[in-house]
Amino acid sequence: MEENKYEKALSLYNTNLDDDKVKAQVENILKNHLQENNTVEVKKFLLNSVELTTLKTTDNEDSVLKFVEKVNKFDDEYPELGHVATVCVYPNFAKVCHDTLENENVEIACVSACFPSSQSFIEVKIAETALAIKDGATEIDIVIPVGKFLNGDYEGMCEEIQEIKDVCGDVKLKTILETGCLKTASNIKKASILAMYSGADYIKTSTGKLEPAATPEAAFVMCQAIKEYYDKTGIQIGFKPAGGMKTVEDALTYYTIVKEVLGEKWLTNKYLRLGTSSLANKLLSDIVGKEVVFF
């Protein structure tokens, strides 16, 4: 009976997508609308939507402290440009961020639940998430159990997300689909719907640890799913492309897709985030008109 619940949810949506048709739709959107968004104002907005990220094996308390101090100094040096949306770190650095981050409007996101593979016991995932929140995380990013999804175990996948969301409570939960592993537009649509029905506050493309990471096609399908879910439930879910964003044009590409598929209501850093560690400097350089290496 339980399994039927998930199949029933999926049956409310068109999940039988043609990958070539999706590619053509994306190409058409970008051809007609990308350049109109190539403005300083849009780049400022995108800078304010960046989740400044450090997820290195070599991270330590000193390196994370310096990382956060750059965010603090940005307010002083560029007061007219606002601030990044979030700092994103491993869970064991939540306390460092909480103790040193001066701008209370910048969120502290922690990757959790055995990121990036999501391969462990649910008890471990819950404990890690709870500890991150106790230490100051205001947002949690997890990877869906991709293996369960691909094996058709929708119940197992959804129950894991629900249990972690229960631990999060009011703390926002972002679920990473790892779209490169899902391969097809149909799988990406299904995983998006199931994640949202399970309590995700955002759906996110990728960890950035595997290739391919974010793609415009995956973003388009995920945004379609968010729009259809909103139309059916009235619940507004956020979107976060992450991984593989290396140029300002990449950021403008995702902005354009969100604008055309989801509309103005999503053009706020409450509902659109960019997961990147390299793009902030490039956006800043474009905005001020000269090369800047600040972050």
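Taking the criterion of being farther than 16 Å from TYR230 by Cβ, open to solvent by 10 Å² or more (accessible area, probe 1.4 Å) and either more than 14 Å from the chain's Cα centre (by Cα) or β-branched (Val, Ile, Thr) (or both), the only residue of the range 253-275 that qualifies is THR253.
Keeping to the range 151-183, report how many residues are under 13 Å from the mean Cα position of the chain (by Cα) and either open to solvent by less than 40 Å² (accessible area, probe 1.4 Å) or modelled with pLDDT under 95 (or both).
Keep residues of the range 151-183 that are under 13 Å from the mean Cα position of the chain (by Cα), which gives 172-179.
Pick out the ones that are also either open to solvent by less than 40 Å² (accessible area, probe 1.4 Å) or modelled with pLDDT under 95 (or both) and you get 173-179.
The number of residues fulfilling the criteria is 7.
Are any residues in the range 74-91 surrounded by fewer than 22 Cβ atoms within 10 Å (Cβ to Cβ) and without any contact (Cβ under 8 Å) to a residue 40 or more places away in the chain, and if so, which ones? Selection gives ASP75, ASP76, PRO79, GLU80, GLY82, HIS83, TYR90.
The set of residues in the range 109-132 being over 15 Å from LYS204 (Cα atoms), surrounded by fewer than 23 Cβ atoms within 10 Å (Cβ to Cβ) and under 18 Å from the mean Cα position of the chain (by Cα) consists of CYS114 alone. Just one of the listed residues (GLU3, GLU27) is open to solvent by 80 Å² or more (accessible area, probe 1.4 Å) and at pLDDT below 95, namely GLU3. Within the range 230-246, being modelled with pLDDT of 95 or more and part of a loop (DSSP other than H, G, I, E, B) holds for GLY234, ILE235, GLN236, ILE237, PRO241.
Just checking, does the range 34-42 include any residue being part of a helix (DSSP H, G or I), under 20 Å from the mean Cα position of the chain (by Cα) and over 30 Å from PHE115 (Cα atoms)? Yes, that holds for at least one residue.
If the condition is being assigned to a helix (DSSP H, G or I) and either more than 21 Å from LYS95 (Cβ to Cβ) or at pLDDT below 95 (or both), then the range 44-76 contributes LYS44, PHE45, LEU46, LEU47, ASN48, PHE74, ASP75, ASP76.
Does VAL146 count as in contact with an Asp or Glu (Cβ under 8 Å, 6 or more places away or on another chain), crowded, with 16+ Cβ neighbours inside 10 Å and in contact (Cβ under 8 Å) with a residue 12 or more places away in the chain? For VAL146, the condition - in contact with an Asp or Glu (Cβ under 8 Å, 6 or more places away or on another chain), crowded, with 16+ Cβ neighbours inside 10 Å and in contact (Cβ under 8 Å) with a residue 12 or more places away in the chain - is met. Scanning the range 58-73 for residues that are open to solvent by 10 Å² or more (accessible area, probe 1.4 Å) and either polar (S, T, N, Q) or more than 29 Å from GLU41 (Cα to Cα) (or both) yields THR58, ASP59, ASN60, GLU61, ASP62, SER63, LEU65, ASN72. When TYR202 is tested against (1) surrounded by 20 or more Cβ atoms within 10 Å (Cβ to Cβ); (2) in contact (Cβ under 8 Å) with a residue 40 or more places away in the chain; (3) closer than 18 Å to GLU7 by Cα, exactly one condition is not met: (3). Considered as a group, the residues in the range 205-243 that are in contact with an Asp or Glu (Cβ under 7 Å, 6 or more places away or on another chain) and open to solvent by 10 Å² or more (accessible area, probe 1.4 Å) include one that is nearest to TYR154 (Cα to Cα), and that residue is THR207.
Scanning the range 184-197 for residues that are open to solvent by 10 Å² or more (accessible area, probe 1.4 Å) and either hydroxyl-bearing (Ser, Thr, Tyr) or modelled with pLDDT under 95 (or both) turns up THR184, SER186, TYR197. TYR13 fails exactly one of the following numbered conditions: (1) farther than 23 Å from VAL248 by Cα; (2) part of a helix (DSSP H, G or I); (3) modelled with pLDDT of 95 or more. What is the number of that condition? Condition not satisfied by TYR13: (2).
The values are calculated or read from the model by the stated rules, or taken from the named source; none is laboratory data. Just so we're clear, the structure is a prediction, and the values are computed from it rather than from any experiment. Note that each Cβ is placed from the backbone with ideal geometry, even for glycine, and that neighbours are counted across all protein chains shown. In case anyone asks, the SASA skips ligands and DNA or RNA and just uses the protein heavy atoms, side chains included. Shrake-Rupley method; radii C 1.70, N 1.55, O 1.52, S 1.80 Å.
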